[in-house]
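Enquirer: Just dropping this structure here.
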Amino acid sequence: MGNLIATSAKQLLCSANRLLGRFDDRLFILGEGRSGTTWLMNLLNFDDRYRCLVEPFLTENFARSVGYPSEYPFPDRAGETNVAQQITRALGGDYISRNATPKFPRLLYDGLLIKDVSAHLIVDQIHAAAPSMKKILILRHPFAVASSKVQIFSWPTRPSAFLSAANPQRALLARQRALIDAVERDDDPLLMQVLLWCIAFRFALAASAIRNFVLLFYEDLARNPHEEIARLYAELDLADRYETHRSDIEAVIAVQSAVTRGRNTIQESRAGSAAWKTNWPVATIDAGLGILREFDLDFLYGDRHGPLLNSEALRTRLLRQATSKGQTDREAQPHT
């Protein structure tokens, strides 16, 4: 009963905040699990100004999640509204769940911050629902992500789920079907996670709305936190907030995320080291690099610790990609 009362009280307070317009200022963080999304959330919400929603788009948090083939939601197909309903619930700010609401430190907020690790396929649907919402995409080396996932959590999605009829965008993976089948057959847990990373970002980076995201590499944030945080706040049109609270924000830089275990990966990244380079067999590293090549994502990461380009170069590449796709789509239209 106590939990029920607490949940009802939170629901009422969140509804009041929404009606008062206190969730109109919204931020959205998207990244793979174990990519620094929690750390980034804490850097942006150092003073608990925002009400935080954690992973509202994990399908286990959906109203109808039983039998869903993946923890990554697939876009709604014609006549479906499951994803649309969850987006409305999350963006409204008054969505309450045991998993998505880890803390509730204030009665009145000055914004809503949503961080998610599974919304890669529904980027366009989220943007269409909230085009003015500030959005951030954070990337981390897939080998580092794979190492961390395998050690800490169970991430149950099978890569072949993305090829099922349930996914209306499955054609995007047609060329990689044989590779997906082969990796699943071998069942190497590290390569399975590298493959899932590639699948997730194949969809995210192909989304039209990705050009509206501020782009950030985890390794750059760890190695040059002061410069990257200042850039991040500026690109989010929050430069005044950064200048006013710089010391408070920078105090969060060295704080290890509550979901980090063992060695501080921030310090490891700052030193330019990577556990996978010494712990993974050479054959596994080579196979992982092969997966990146098959997905045409080897321009992002290779056999070194950090990214192969900076965020500005990535943005330029994505804009060029979007322009090229738009031209192709226009040429494919029938002439009248």
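Enquirer: Below 8 Å, C-alpha to C-alpha, sequence gap of six or more: please give me the relative contact order for the chain in percent.
Expert: 20
Enquirer: For the chain, set up a GNM with springs between Cα atoms under 10 Å and report which of 134, 325, 277 has the largest fluctuation.
Expert: 325
Enquirer: Provide the FRET efficiency to the nearest 0.05 for the residue 236-residue 170 pair, computing r from the beta carbons and using R0 = 30 Å.
Expert: 0.35
Enquirer: Can you tell me which of 78-86, 43-51 comes out highest on packing, and rank the rest after it, using the mean Cβ neighbours within 10 Å?
Expert: In decreasing order of mean packing, 78-86, 43-51 become 43-51, 78-86.
Enquirer: With all protein chains present, how much of the accessible area of segment 87-236 (probe radius 1.4 Å) comes from carbon and sulfur, to the nearest whole percent?
Expert: Using a 1.4 Å probe with all protein chains present, segment 87-236 comes out at 52 percent carbon and sulfur.
Enquirer: For residue 19, what accessible surface area do you get with a 1.4 Å probe? Give it in Å², rounded to 10.
Expert: Here the accessible area works out near 140 Å².
Enquirer: Give the peptides 160-167, 136-143 in descending order of average Cβ contacts within 10 Å, highest first.
Expert: In decreasing order of mean packing, 160-167, 136-143 become 136-143, 160-167.
Enquirer: Not counting ligands, DNA or RNA, and with a 1.4 Å probe, what is residue 235's accessible surface area in Å² rounded to the nearest 10?
Expert: 80
Enquirer: Considering only protein heavy atoms, what per residue accessible area in square angstrom results for segment 1-110 with a 1.4 angstrom probe?
Expert: 45
Enquirer: If I stretch the segment between residue 278 and residue 11 completely, what's the gain in nm (0.36 nm per residue apart, minus their alpha carbon distance), one decimal?
Expert: Fully extending the segment from residue 278 to residue 11 adds 91.3 nm.
Enquirer: What percent do you get for the relative contact order of segment 13-91 when only Cα pairs under 8 Å and 6+ apart count?
Expert: Relative contact order for segment 13-91 comes out at 18 percent.
Enquirer: Peptides 215-225, 294-304: what's the order by average Cβ count within 10 Å, highest mean first?
Expert: Those peptides, ordered most packed to least, come out 215-225, 294-304.
Enquirer: Moving on to the next point. Take the residue pairs 10/135; 135/325; 103/134; 149/325; 10/115 and return only those whose Cα atoms are more than 28 Å apart.
Expert: Over 28 Å apart, Cα to Cα: 149/325.
The values are calculated or read from the model by the stated rules, or taken from the named source; none is laboratory data. Just so it is clear, the structure is predicted and the values come from calculations on it, not from any experiment. Neighbour counts run over all protein chains shown; Cβ positions are idealised from the backbone, glycine included. Heads up: the accessible areas ignore ligands, DNA and RNA and are worked out on the full protein's heavy atoms, side chains in. Shrake-Rupley method; radii C 1.70, N 1.55, O 1.52, S 1.80 Å.
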